[in-house]
Amino acid sequence: MTTFRTLFSADPEGTWAAPGRVNLIGEHTDYNDGFVLPVALPHTTRVQARRRDDSLLRLHSTRGGDEITTLDLDKLEPGTTTGWTAYPAAVVWALRDAGHAVAGADLLIDSDVPEGAGLSSSAALQCAVATAYNDLYHLGLDGMQLALLAQRAENAYVGVPCGIMDQTASLCCRAGHALLLDTRDLTSRQVPLDLEGAGLRLLVIDTRVKHDLADGAYAKLRAGCERAAELLGLAALRDLTADALPAALDRLPAELRPLVRHVVTEDDRVRQATALLDAGDLAGIGAVLTAGHASLRDDYAVSCPETDLAADTAVAAGALGARMTGGGFGGSVIALVHQDDADRVTAAVTAAFAAAGHALPRSFAATPADGARRIA
């Protein structure tokens, strides 16, 4: 087996891990200054790391054969790095661009976060690297500071105009909780989510339909929301209340109305879900999840036949609720089920995919986990 010493002729100084995430509710409200409610997964990206005295960043992934990619930090600029190596390079570029005196490193990267499944595998990679660099170079940055740097890395270097949710979830979530995040003022609180105690499971159904948020679709949606806010004279759609929504829609071009309706009602669904969790009614959020999927499908139009089939079949088989999670255009569906129903729901979705001629999905139970941390 290839080890860090085999690759880099020395032992690592430590190992850091950052999780993927699912979002219970609040999809696409993060870049509208709205509220989100993500949960960290037990699946993580792990980085073994060692500082270097020069400006070289040397990268190796266990998923990529024997190749070591070497980058000169002094020559990094947005657009100069492609593929998976752009994500760790972007983090180090963002740290240096923010004035942090960091040099090179040797990084060995391993991950069990499914790629292309809408579970934030890219954010997990960025946050694992950011956490490692924070410790290696004694930067003293907190989780939110690292999240903002990782967001800037993805926005300015990778070129995806994402919000702050994925990075914050990967860095700041805690086991047994969902994270209620106000993406405007960046305040957050941990909301108890004891699924086992409630006799429930949160199934993640990876449809295996790949999506690429850098292909322009995500940016187009964000631009549409920003244009709508501008036409309504608002700083962001966060400032439009549900009561004022009907009148506001009448003032907008037809093509922008569904986007606005989704964002405003989704923000309201985050409040509903949080209130139910605070009251200990975990089963009650099932209906909120299902309503969220309908809005993502009909108004925001980011679903697809596979995610619709997974969500609809799960509910028909006994799930309390189900919805797409992630940026859309494929990815995963989450389904809230009673523990005794988990196998039946999983089997029903698998059978439905087989009957439709789709590649069979993979499913697992999501247990709310801790955010990024040093593990060795």
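Quick notes on this structure:
- Criterion (assigned to a loop (DSSP other than H, G, I, E, B) and either in contact (Cβ under 8 Å) with a residue 12 or more places away in the chain or under 21 Å from the mean Cα position of the chain (by Cα) (or both)) met by exactly one of 302, 270: 302
- Enumeration of residues in the stretch 1-16 that are surrounded by fewer than 24 Cβ atoms within 10 Å (Cβ to Cβ), assigned to a strand (DSSP E or B) and either of a type outside the set (Val, Ile, Thr) or without any contact (Cβ under 8 Å) to a residue 24 or more places away in the chain (or both): 14
- Considering residues of the stretch 125-166 that are more than 14 Å from the chain's Cα centre (by Cα) and among the polar types (S, T, N, Q) only, the residue modelled with the lowest pLDDT: 155
- Looking at 69, 82, 29, 45, just one residue is among the polar types (S, T, N, Q), buried (at least 21 other Cβ atoms within 10 Å of the Cβ) and closer than 17 Å to residue 126 by Cβ, and that residue is 45.
Rundown of residues vs (1) among the basic types (Lys, Arg); (2) in contact with a Phe, Trp or Tyr (Cβ under 8 Å, 6 or more places away or on another chain), yes/no style:
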| site | (1), (2) |
| --- | --- |
| 282 | no, no |
| 309 | no, yes |
| 331 | no, no |
| 335 | no, no |
| 341 | no, no |
| 362 | yes, no |
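- Residue in the stretch 215-223 that is of a type in the set (A, V, I, L, M, F, W, C), free of Cβ contacts under 8 Å to residues at least 24 places away in the same chain and outside the structural domain of residue 18 (by TED's automatic domain parsing) present: yes
- Residue in the stretch 23-46 that is in the same structural domain as residue 101 (by TED's automatic domain parsing), in contact with a Phe, Trp or Tyr (Cβ under 8 Å, 6 or more places away or on another chain), within 26 Å of residue 95 (Cβ to Cβ) and not hydroxyl-bearing (Ser, Thr, Tyr) present: yes
- Candidates in the stretch 224-240 are the residues that are in a loop (DSSP other than H, G, I, E, B) and either without any contact (Cβ under 8 Å) to a residue 40 or more places away in the chain or touching a strand residue (DSSP E or B) at 6+ places or on another chain (Cβ under 9 Å) (or both); of these, the one that is surrounded by the most Cβ atoms within 10 Å (Cβ to Cβ) is 240.
The values are calculated or read from the model by the stated rules, or taken from the named source; none is laboratory data. Remember, it's a predicted structure, so these values are computed and weren't measured experimentally. In this analysis, Cβ positions are derived from the backbone assuming ideal geometry, glycine residues included, and neighbour counts consider all displayed protein chains.
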